[in-house]
Amino acid sequence: MEHNITIRTEQEELSAVLHYPNDSAAESGVRQRWPLVIICHGFVGNRIGVDRLFVLAARHFSSRGFMTLRFDYGGCGESTGVYGSGGLPSLISQTRKVIDYAFGLDCVDPGNITLLGHSLGGAVAVLTAAQDPRVKSLVLWAPVAQPLGDIVRIVGHKAHEEALRYGASDYLGYALPAEFFESLAKHHPLLEAKKFAGDVLIVCGSADTVVSPEYGSLYQRIFWMRPGGHCSRETIPGGDHTFSGAESHERLYAVTGEWLAAVKKRKDEWCDWSI
């Protein structure tokens, strides 16, 4: 079951879709509260994803007993606003508003909320989780690690220079404001990652030419240095930045779904033991 919803922030109305677990995954109605996965799309992306990446992911997770919420950041997809306005702090704030919405649902398990971020959405997920203790787990798909350098590499140095000189630059029809680029230079997800205490899964494609797959090992080393929390890493052979193709999709969803189920099982067993 899927529902189109609107999540309101101070500045934007965020378009979103909420996926409920199917009947078999929901144990025929026995479960009262379900774990939730919130999908954070990447730079000038949307809640659908390239080749329906996030739609298919959400449906896969719902088949395994997870609620999934995918949404458009302000200025993307069907959401209102101007993308990049307010910089990275605005993207973090919007993500936290989505978490606020999720916490208001009586069918969500507040102790099992996962942020799944792709590309720049991965960096936003890390920065959000470092600030918000309600985030219990992280899944990072091809995550950006150096926001300014990675995004400038995508849009080109000319667009970056135009934004700084004239106040904004046009990239694929998006008027990217100077404050967006300025904020990218001020945020360092690799440094903030150590503040997150929960479990983490990192998945990269070996053939990613947009964001270096080596970032996966950098993030993993930092997460391993924490006093608590587990971190796993997987490389999809031949996978590109959006894991294009049926084989990459299937492997990505299987790895992520199995990891989510294992984390949930461990948490359930811990709760049973502690009682």
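The values are calculated or read from the model by the stated rules, or taken from the named source; none is laboratory data. Not measured: the values here are computed from a predicted model. As a convention, Cβ positions derive from the backbone with ideal geometry for all residues, glycine included, and neighbour counts pool all protein chains shown. Ligands, DNA and RNA are excluded from the accessible area calculation, which covers all protein heavy atoms including side chains. Shrake-Rupley method; radii C 1.70, N 1.55, O 1.52, S 1.80 Å.
In the set I48, I99, only one residue is of a type outside the set (F, W, Y) and touching a residue at least 60 places away in the same chain (Cβ under 8 Å); that residue is I99.
Would a scan of region 11-34 turn up a residue that is assigned to a strand (DSSP E or B), over 26 Å from Y174 (Cα atoms), in contact with a helix residue (DSSP H, G or I) (Cβ under 8 Å, 6 or more places away or on another chain) and modelled with pLDDT of 95 or more? Scanning region 11-34, I find at least one residue that is assigned to a strand (DSSP E or B), over 26 Å from Y174 (Cα atoms), in contact with a helix residue (DSSP H, G or I) (Cβ under 8 Å, 6 or more places away or on another chain) and modelled with pLDDT of 95 or more, so the answer is yes. Those residues that are part of a loop (DSSP other than H, G, I, E, B) and crowded, with 23+ Cβ neighbours inside 10 Å, I need them from region 84-99; list them, please. Result: G84, single match.
Taken as a whole, region 177-197 holds at least one residue that is touching a strand residue (DSSP E or B) at 6+ places or on another chain (Cβ under 7 Å) and over 30 Å from V255 (Cβ atoms).
Check region 46-66 and report whether any residue there is within 24 Å of A168 (Cβ to Cβ), at pLDDT 95 or above, open to solvent by 10 Å² or more (accessible area, probe 1.4 Å) and aliphatic (A, V, I, L, M). Checked against the condition, which is being within 24 Å of A168 (Cβ to Cβ), at pLDDT 95 or above, open to solvent by 10 Å² or more (accessible area, probe 1.4 Å) and aliphatic (A, V, I, L, M), region 46-66 yields no hits at all. Per the conditions (1) out of contact with any strand residue (DSSP E or B) (no Cβ under 6 Å at 6 or more places or on another chain); (2) more than 14 Å from L138 (Cα to Cα); (3) part of a helix (DSSP H, G or I), the sole criterion not satisfied by S248 is (1).
For G167, state whether it is over 24 Å from S15 (Cβ atoms) and of a type in the set (G, A, S). When the stated conditions are applied, G167 passes them.
In region 253-265, the count of residues that are in contact with a Leu (Cβ under 6 Å, 6 or more places away or on another chain), open to solvent by less than 60 Å² (accessible area, probe 1.4 Å), in a loop (DSSP other than H, G, I, E, B) and more than 17 Å from G149 (Cα to Cα) is zero.
When residues in region 200-237 are screened for being part of a strand (DSSP E or B) and open to solvent by 20 Å² or more (accessible area, probe 1.4 Å), 4 of them pass.
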